[in-house]
Amino acid sequence: MVSLEKIVSLAKRRGFVFQGSEIYGGLAGTWDYGPLGVLMKENIKREWWRAMLEPHVFALDSAILANSKVWEASGHVENFSDPLGEQQFNLMFKTHAGALENESATVYLRPETAQGIFINFKNVVDAFHPKLAFGIAQIGKAFRNEITPRNFLFRSREFEQMELEYFCEPKNADKYFSDIRTMRMKWFTSLGIKKENLQFHDYGKDELAHYAGATTDIEYRYGLSESGFSELEGIANRTDFDLKNHFPGCSWIDNEFVAREGGFVPYVIEPSVGIDRAFLAFLMDAYAEDEVGGEKRMVLKLHPKIAPVKVAVFPLVGNKENIMAKAREVFDTLRKDFTTRWDDIGNIGKRYRRQDEIGTPWCVTIDYQTLEDSTVTIRDRDTAKQERVEVKELLQYIQDRLK
Ligand code: GAP
């Protein structure tokens, strides 16, 4: 397993992730995503939405700041704390809305995106009239005043979550819990994370959060704990805890929703994953040091869907006008469909190394033969094998492999 130090150094050197406020000595628990980090994070989000947005799952983007009553009702004001010596330390960031800094102006930065979903439950039901079971999904920032932020992106104070709240009949909750647990594990392996680096951890009754009926974590082998495994994603059966708390006395739920649905408040199954932890797992899992053509290299074997750059275009010689013109033509065609990079500096071997380090799955070289027969070489990152492909087939070639 690659060390965290190597990943932190690669992330900075190649423009994936930088320390927050670095030039002022940093701000603990904050990280800035660089140009490649942004692209990769967007890919992770896109794949998550793709997996989530079934016809009966609705998207939401709720506000980070919420009325403080939200956090009283949810139990976070009372329970979301870490024991710190004698004192209980609440992990929520507190600020004030408006000019007055008194109690009544207190607002919290959300420590989870989930509550934004629960407080919009009625809005979504009224607008779309969905039948159970249905879900509401959201991606967004969350903030926790962690006492000891550490281990790079693993535990920070500002991070991003991808959460689905899946509402169902209580009698079906165990089945959906089990289905979602399986579906989420498959999501990680289908995007290239090695099976042996993932495991489930089922919680005992004494380990459960204040809202949860049952919880399973998907753990990744980050190498940060004694067993090597730590939480990547949490999957919880939150029962009817949140809906009951937000609709006091459940007047709307009892009188309208429950009557309509046949006499119960829905249970909710929640898979919740930190994007930053997923990002770190994808990076660590993809990292490899191997040898091609007798030369050592460092390579990120990222799944092509996650890789920030899909294809790089190299003119064989950077000073020959006709080769440059042909290469530009290929570049302009590819960049309409894929994130494409141009590199005409140094020998081809060096250019391959640079793309290997950022995980680019394919490199296309335009050479003298291209001018004669309109073929290019396309080189595969993982095998370092090269094939000659006709320029007009290039788009399809890459599209087929991205599927
Ligand atoms: N809504 C449920 C919830 O927030 P959680 O287990 O506290 O549950 C869910 O958080 C996920 O958010 C975790 O599995 C982890 O991936 C991510 N996460 C939590 N705290 C984090 C932190 N301080 N830094 C980075 N990611 C964090």
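Reported count of residues in segment 71-86, each being in contact with a helix residue (DSSP H, G or I) (Cβ under 6 Å, 6 or more places away or on another chain) and either more than 26 Å from Thr148 (Cα to Cα) or of a type in the set (S, T, N, Q) (or both), is 2. Taking the criterion of being away from the ligand (no atom under 16 Å from the Cβ) and either modelled with pLDDT of 95 or more or of a type in the set (A, V, I, L, M) (or both), the residues of segment 222-257 that qualify are Gly223, Glu226, Ser227, Gly228, Ile253. Filtering segment 61-92 to residues that are under 15 Å from Ala105 (Cβ atoms) and either modelled with pLDDT of 95 or more or in a strand (DSSP E or B) (or both) leaves Leu65, Ala66. If we scan segment 75-87, do we find a residue that is open to solvent by less than 70 Å² (accessible area, probe 1.4 Å), within 14 Å of the ligand (Cβ to nearest atom), under 22 Å from the mean Cα position of the chain (by Cα) and of a type in the set (D, E, K, R)? The answer is no; no qualifying residue exists. Here Glu219 does not fit the description of being in contact with a Ser or Thr (Cβ under 8 Å, 6 or more places away or on another chain), closer than 25 Å to Val57 by Cβ, within 13 Å of the ligand (Cβ to nearest atom) and not hydrophobic (A, V, I, L, M, F, W, C). Applying a threshold of 8 Å to beta carbon distances and a minimum spacing of six or more residues, or different chains, the list of pairs starting in segment 225-237 at a residue that is farther than 30 Å from Lys171 by Cβ and ending at one that is within 13 Å of the ligand (Cβ to nearest atom) and part of a loop (DSSP other than H, G, I, E, B) reads Gly228/Tyr222; Phe229/Tyr222; Ser230/Phe154; Ser230/Tyr222; Ser230/Leu224.
Looking at segment 231-241, which of the residues that are in a strand (DSSP E or B) and open to solvent by less than 20 Å² (accessible area, probe 1.4 Å) is farthest from Leu198 (Cα to Cα)? Here the answer is Asn237. Is segment 188-199 home to any residue that is surrounded by 15 or more Cβ atoms within 10 Å (Cβ to Cβ), within 13 Å of the ligand (Cβ to nearest atom) and part of a loop (DSSP other than H, G, I, E, B)? No, the conditions are met nowhere in segment 188-199.
Scoring Leu302 on the criteria (1) touching a strand residue (DSSP E or B) at 6+ places or on another chain (Cβ under 8 Å); (2) modelled with pLDDT of 95 or more leaves a single failure, condition (1). Looking across segment 373-403, the residues that are open to solvent by less than 80 Å² (accessible area, probe 1.4 Å), in a helix (DSSP H, G or I) and touching a residue at least 60 places away in the same chain (Cβ under 8 Å) come down to Val391, Leu394, Leu395, Ile398, Gln399, Leu402.
Take the conditions (1) over 22 Å from Lys244 (Cα atoms); (2) outside any strand (DSSP E or B); Leu132 misses just one of them, which is (1). With respect to the conditions (1) surrounded by 12 or more Cβ atoms within 10 Å (Cβ to Cβ); (2) under 25 Å from the mean Cα position of the chain (by Cα); (3) among the acidic types (Asp, Glu), Asp61 lacks only one, and its number is (1).
Taking Glu158 as the residue in question, decide whether it is in contact (Cβ under 8 Å) with a residue 60 or more places away in the chain, open to solvent by 20 Å² or more (accessible area, probe 1.4 Å) and within 13 Å of the ligand (Cβ to nearest atom). The answer is yes for Glu158. Just to be sure before I move on: is Lys45 open to solvent by 80 Å² or more (accessible area, probe 1.4 Å), basic (Lys, Arg) and out of contact with any Gly (no Cβ under 8 Å at 6 or more places or on another chain) in the structure I sent? In short, no.
Kindly indicate whether Glu146 is open to solvent by less than 30 Å² (accessible area, probe 1.4 Å), closer than 18 Å to Tyr211 by Cα and either within 16 Å of the ligand (Cβ to nearest atom) or assigned to a loop (DSSP other than H, G, I, E, B) (or both). So Glu146 does not fit the description; no. Restricting segment 281-309 to residues that are more than 18 Å from the chain's Cα centre (by Cα) and open to solvent by less than 40 Å² (accessible area, probe 1.4 Å) leaves a set whose member that is nearest to Gly223 (Cα to Cα) is Ala288. State yes or no: is Thr339 open to solvent by 10 Å² or more (accessible area, probe 1.4 Å), in contact with a Leu (Cβ under 9 Å, 6 or more places away or on another chain) and among the polar types (S, T, N, Q)? For Thr339, the condition - open to solvent by 10 Å² or more (accessible area, probe 1.4 Å), in contact with a Leu (Cβ under 9 Å, 6 or more places away or on another chain) and among the polar types (S, T, N, Q) - is met.
Of all residues in segment 112-127, those satisfying the criterion of being touching a residue at least 40 places away in the same chain (Cβ under 8 Å) and part of a helix (DSSP H, G or I) are Ala114, Gln115, Gly116, Ile117, Phe118, Phe121, Lys122, Val124, Val125. The set of residues in segment 206-216 being within 12 Å of the ligand (Cβ to nearest atom), open to solvent by 10 Å² or more (accessible area, probe 1.4 Å) and in a strand (DSSP E or B) consists of Thr215 alone.
The values are calculated or read from the model by the stated rules, or taken from the named source; none is laboratory data. Here the structure is a predicted model, which is why all the values come from computation and not from measurement. All Cβ positions, glycine included, derive from the backbone under ideal geometry; neighbour counts span all protein chains shown. The area values use the complete protein model at the heavy-atom level, side chains included, leaving out ligands, DNA and RNA. Shrake-Rupley method; radii C 1.70, N 1.55, O 1.52, S 1.80 Å.
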